[in-house]
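Below is one structure; the comments refer to it alone.
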Amino acid sequence: MLKSRVPENVRMAVPPGPGDKGARVDQAGEFLRMAREISVPEGATSGEAERIRGLRGQLSGLLDDNVTAAELKAAAQVVLDLQAAHKEIVKQVAQRKAADEARRQEARAALIKALQAAPARMDGEVASTDREEITAAVDAAEKALPATPSDEELRVGQAALDEIGKRIETANQAAETARQQRAEQGRKLAEDARGVTVEHGAPEELKTLRDMAEALAGDLPDIPSEVELETARKALAALKARADEIALAVAERLKRVEKAKALLAKLVWGKGDLELVKGAPATTAEGLKQRCDELATDKAAIGDPARAHEWQEDALSTLNEAVTKLIGDVAAANTAVKEALAEVEQAAQKTRAAITSTKGLALNDAQQDVLEKLVLAEIEKAEADSDAAKPAIKALEEVRERAVKLGRVLSLLDARIKRVEAKPADALPSELKTLETARKAAVDSLGKIEP
C-alpha cells in the first residue's frame, strides 16, 4: 500500500499570500509530485482507478505557473481527497483480496472433500484395476492443489474431479453390467439344470435329477457372485454326468425292451409261428390261443420303454421261455394234426384201392361213387377236427370191408349166373329165350346191389 506523502502542513498551513508567487509555484509543484506518487492500487476496479485518475486530473487543472492562493487551497483539498480515496481503495482491495483468498480456500476445501468422497461413490463390485486407478487419480488431484490455490489451479482440480466422476460412472456401469450378466448366467444355469432329464428314466432316477437341479437353483441368489456361478457350473456338470449315467442304464434297459418287443411281436394268434393248421382240435386251439392272449396281456409292460425300469433281465428270460414253449406247443399241435391226417389219408388210399379193385367182379361206377362219398365224408371230418381222425380211420376201414364184401358177393353171384349160361341141347327156342331174359335180369341186378 502506498503511504501519503502529503505533509501535515498541507492541512494546517496557510497558503502563501498574493505576493508570494514563487512560493505558490513551489507549493503547486509539491502537490503535483505527491499526486504522481499516489498510483492506482493493484487490484483496484475500473471505477476505483477512474476515481484516482479523476482526482489527479482535477488537481492538474488547478495548478499552473499562475496558480493563486485560492487555487492552492482548493488543490490542497484535492490532495487530501486523493489521499483519502487512495487509502479507501487500498482497504477495499485488501478486503476483496482477503475475501477472494477465503473463497479459493473454501473452494479448495470443498474440492478436497469432494475428491475424498468420490471413491465412496464407486460400486462395491467395481473391478479392482478400475478402483486402483480411480483412487490414484483422486490422490494425484488432491496433491496437485496448494494450500491457497489459484483460480486456474481450482479449475484444473475441478476438471480432474469431473473426470474422476465420469470414470466412476463408467466403472459403476461396468459393474452393473457385470451384475446383470451374472444374474442372466445364474438364470440360464438354473434353467439348464431344470431342463436336464432322461427319456424313459425311472421315477427315482428322474427325482434324483430334479433334486440336483433344484439344489443348484436354490443355491443361486438373484445376483450371484463369480464364485457362486463357478460352484453352479460344477454342480451342472455333475448333474449332466449323472444324467449320462442314467442314460447309459436306460439304453441297456431299452435293449432288453427291444428284445421283449420282438418276442411280443410273435404273440399274434393265427400269424407266423402261432398259426394252427386246419384240423386242430377246438379245445387245443382255444387253450393255445388263451395262453397267447394271456402272455401278450400280462407281459405288455415289458415292451413299454417307459416301464423298462419295472423289470429285470430274468423277466425277459421268463417271457422268452414262455413264448418258445407256446411256439413249440403250436408246432407240436400242427405236427399231430398233420400226422393224424396222414394216417387218415393212408387209410383212405387203402379204402379207395379196395373200392376200385378189379379182383373178382369190379364194382360199377354207381357203387364206387357211393363208397367214395363215404370216404370223402370221413376225410372232411378229420380235416375239420383231427380228434375225428381215429374214428375216421375206423370208419374208412369199415367202408373198405364193405367194398371187399360187396366184391365177394358180386363175384359169387356172377359165378352162379355164369353157371346157368349153358344152353340145354334139347331146349326149345322159347325156353332158350326165357333163359336168356332171366340171365340178363340177373346180371342187371348185380349192378343195382348197394354197398
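The values are calculated or read from the model by the stated rules, or taken from the named source; none is laboratory data. Bear in mind that the values here come from a model prediction, so they are computed numbers and not experimental data. Please note: Cβ atoms are built from the backbone with ideal geometry, for glycine as well, and neighbour counts cover all protein chains shown. Keep in mind that these areas ignore ligands, DNA and RNA; they rest on the heavy atoms of the full protein, side chains included. Shrake-Rupley method; radii C 1.70, N 1.55, O 1.52, S 1.80 Å.
Pairs to check: K261/K289; K266/K325; K207/K261. Give those whose C-alpha atoms are more than 22 Å from each other in this structure. Intermediate results must be reported in sequence, preceding the final value.
Numbers: K261/K289 19 Å; K266/K325 12 Å; K207/K261 27 Å.
Result: K207/K261 exceed 22 Å.
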Considering the zone a paramagnetic label at V409 would reach in this model (a point 7 Å from Cα along the Cα-to-Cβ line), which residues of region 333-376 have amide N under 20 Å from it?
351-375
Taking max minus min of the Cα coordinates of region 167-274 on each principal axis, largest first, gives extents in Å of 86, 20, 16
With unit charges on the beta carbon (Lys/Arg positive, Asp/Glu negative), name the residue among V196, G186, V40 whose Cα is farthest towards the positive pole of the charge dipole of the chain.
V196
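With only Lys, Arg, Asp and Glu charged, each at its Cβ (+1 for the first two, -1 for the last two), find how big the charge dipole of region 162-309 is about the Cα centre; round to the nearest 20 debye. Walk me through the intermediate numbers first.
Details: 25 positive and 28 negative charges, 181 e Å.
Dipole size: approximately 880 debye.
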In square angstrom, rounded to the nearest 10, how much accessible surface does T356 have for a 1.4 Å probe?
80 Å²
Give the cross-link partners of K350 among the aspartates and glutamates, using a straight C-alpha distance below 15 Å as the criterion and excluding same-chain residues fewer than 8 apart.
E372, E378, E397, E398, E401
Along its three principal axes, how long is region 308-360 when you only count alpha carbons? Whole Å, largest extent first please.
79, 11, 6
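For region 81-232, give the magnitude of the charge dipole about the Cα centre (Cβ charges: +1 Lys/Arg, -1 Asp/Glu; no others), in debye to the nearest 20. Could the numbers behind the result be given before it?
On the way: 21 positive and 32 negative charges, 236 e Å.
Here region 81-232 has a charge dipole of around 1140 debye.
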Heads up, I need the accessible area for R187: 1.4 angstrom probe, whole protein in place, Å², nearest 10.
130 Å²
Per the helix-only calculation at 222 nm, which mean residue ellipticity applies to the chain, given -39500 (n - 2.57) for every DSSP H run of n ≥ 4 and division by its residues, nearest 500 deg cm²/dmol?
-26500 deg cm²/dmol
The simple spin-label model distance between E294 and K271, using points 7 Å out along Cα→Cβ, in nm, is 2.3 nm
Expressed as a whole-number percentage, the relative contact order of region 235-357 with C-alpha contacts under 8 angstrom and at least six residues apart is 32 percent
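Within 10 Å, count the other beta carbons around each residue, average over each peptide in 82-94, 286-298, and list them highest first.
On the way: 82-94: 17.1, 286-298: 14.8.
Highest mean packing first, the order is 82-94, 286-298.
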Pairs of alpha-carbon atoms within less than 8 angstrom and 6+ residues apart define the contacts here; what relative contact order does the chain have, in percent?
9 percent
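Relative to the present Cα-Cα distance, how much length would full extension add between Q58 and D222 at 0.36 nm per residue of separation? Could you put the intermediate results ahead of the total?
Values: separation 164, 0.36 × 164 = 59.04 nm, distance 8.41 nm.
Between Q58 and D222, full extension yields an extra 50.6 nm.
Using 0.36 nm per residue, how much length does the chain from A49 to A127 gain when fully extended, once their Cα-Cα distance is taken away? Don't skip to the end; give the middle numbers.
On the way: separation 78, 0.36 × 78 = 28.08 nm, distance 5.78 nm.
That pair, A49 and A127, stretches by 22.3 nm at full extension.
In region 45-156, how many lysine pairs have Cα atoms under 25 Å apart, counting only pairs 8 or more places apart or on different chains? Walk me through the intermediate numbers first.
On the way: K73/K87; K87/K97; K97/K113; K97/K143; K113/K143.
Total qualifying Lys-Lys pairs in region 45-156 comes to 5.
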How many nm is it between the label spots at D329 and E258, if each spot is 7 Å from the Cα in line with the beta carbon?
3.1 nm
Applying the gyration tensor rule to the Cα atoms of the chain (axes a ≥ b ≥ c; rounded if a/c under 1.5, else prolate if a/b exceeds b/c, else oblate), the class is prolate
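May I ask you to compute the full-extension gain from A159 to K394, defined as 0.36 nm times their residue separation minus their alpha-carbon distance, rounded to one decimal in nm?
Values: separation 235, 0.36 × 235 = 84.60 nm, distance 12.88 nm.
Stretched out fully, the A159 to K394 stretch lengthens by 71.7 nm.
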